[in-house]
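Colleague: To start, I am sharing the structure in question, which I have written as structure tokens.
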Amino acid sequence: MIISTADRSSLSLLEKQIILHHLNNGGILAFSTDTLYGVGVKAVLSQAVDQLYKVKGRDKGKPLILLGSTVAQFQPYISEPKLLHHSLMKAYWPGPLTVILPFEKRSKLYFGQVDPDSIGMRIPDNQVLLDLISFLDFPLLTTSANPSGASPFRKGHSIQNWLLSSSTQKIIILDGGEIDALPSTVIRLFENDRYSLIREGVISMEELDPFFSS
């Protein structure tokens, strides 16, 4: 099922209810963001998460990331919630910044065979996606829409062909049109006002440095 989201700022209530039912039943959702296309599932459903790893061909030692619509959505999954209030996130969320923070292992998130000490998270600057995530009562556990090691797909129909050939699960795609953008910048944030750059994307290291003490 493909839902066109180009030139839209929100989904209808019926569309959101269909997607919620789909995710609650272990379905895979593909969607456009402000950077690349992504695919995601409901994080607490082990079968759905395992299927996402399988479809992606992703090493199960590599965690997925959370997409949310507010900082408050992330707090139950972080062992140091005060880090969520760093000025960097206030400046770049919603936006193309993925931040890796200490993971709260008592949470009910499922990562397949991994037991991570940290987790990445982002609030994307895409109004349709934010509208959907704010409707859900859980964040999405996500990854980029491509087989591991391959270039990300740029079009919704390409993602549909890939997912249909890789999975027996039903899929829904939020097709925002062709995307030609850089991935998000990924950093790991530490308590002592330091960070390490994991991947430089839309946001450069030079833009990040002023947010940290020298």
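The values are calculated or read from the model by the stated rules, or taken from the named source; none is laboratory data. In this text the structure is predicted, and so the values were computed from the model without any measurement. Ideal geometry is used to build each Cβ from the backbone, glycine not excepted, and the neighbour counts take in all protein chains shown.
Colleague: Considering each of 134, 151 in turn, give the residue that is surrounded by fewer than 16 Cβ atoms within 10 Å (Cβ to Cβ) and in a helix (DSSP H, G or I).
Modeller: Exactly one residue qualifies, and that residue is 134.
Colleague: Next question, about the same structure. Could you pull out the residue among 66, 109 that is surrounded by fewer than 22 Cβ atoms within 10 Å (Cβ to Cβ), closer than 30 Å to residue 165 by Cα, of a type in the set (A, V, I, L, M, F, W, C) and within 16 Å of the chain's Cα centre (by Cα)?
Modeller: 109
Colleague: Checking residue 196 against (1) assigned to a strand (DSSP E or B); (2) surrounded by 16 or more Cβ atoms within 10 Å (Cβ to Cβ), which single condition isn't satisfied?
Modeller: For residue 196, the failing item is (2).
Colleague: If you don't mind, there's one more thing I want to ask. Being crowded, with 19+ Cβ neighbours inside 10 Å, within 22 Å of residue 74 (Cα to Cα) and among the β-branched types (Val, Ile, Thr) is the filter here, so list the residues in the range 5-49 that pass it.
Modeller: Once the filter is applied, which keeps residues that are crowded, with 19+ Cβ neighbours inside 10 Å, within 22 Å of residue 74 (Cα to Cα) and among the β-branched types (Val, Ile, Thr), the range 5-49 yields 19, 28, 33, 35, 39, 41, 49.
Colleague: For the range 159-189, which positions are part of a strand (DSSP E or B) and either closer than 18 Å to residue 35 by Cβ or in contact with a Pro (Cβ under 7 Å, 6 or more places away or on another chain) (or both)?
Modeller: 173, 174, 175, 185, 186, 187
Colleague: Which number in (1) among the aliphatic types (A, V, I, L, M); (2) free of Cβ contacts under 8 Å to residues at least 60 places away in the same chain; (3) surrounded by 17 or more Cβ atoms within 10 Å (Cβ to Cβ) marks the one condition that residue 205 misses?
Modeller: Of everything listed in (1) among the aliphatic types (A, V, I, L, M); (2) free of Cβ contacts under 8 Å to residues at least 60 places away in the same chain; (3) surrounded by 17 or more Cβ atoms within 10 Å (Cβ to Cβ), residue 205 misses just condition (3).
Colleague: With the structure loaded, tell me whether residue 102 is farther than 15 Å from residue 38 by Cα and either crowded, with 17+ Cβ neighbours inside 10 Å or without any contact (Cβ under 8 Å) to a residue 12 or more places away in the chain (or both) or whether it fails that test.
Modeller: The answer is yes for residue 102.
Colleague: While we're on this one: Give me the pairs: first residue in the range 122-147 and in contact (Cβ under 8 Å) with a residue 12 or more places away in the chain, second residue among the polar types (S, T, N, Q) and outside any loop (DSSP other than H, G, I, E, B), beta-carbon distance under 7 Å, and six or more apart or on different chains, which are they?
Modeller: 122/98; 126/32; 139/73
Colleague: From the list 94, 63, which residue is modelled with pLDDT of 95 or more and in a loop (DSSP other than H, G, I, E, B)?
Modeller: The unique qualifying residue is 94.
Colleague: For residue 15, only one of the following conditions fails: (1) acidic (Asp, Glu); (2) closer than 27 Å to residue 205 by Cβ; (3) without any contact (Cβ under 8 Å) to a residue 24 or more places away in the chain. What is its number?
Modeller: Unmet for residue 15, out of (1) acidic (Asp, Glu); (2) closer than 27 Å to residue 205 by Cβ; (3) without any contact (Cβ under 8 Å) to a residue 24 or more places away in the chain: (2).
Colleague: I'd like the residue in the range 164-178 that is at negative phi and modelled with pLDDT of 85 or more and, out of all such residues, is surrounded by the fewest Cβ atoms within 10 Å (Cβ to Cβ).
Modeller: Restricting to residues being at negative phi and modelled with pLDDT of 85 or more, the top hit is 178.
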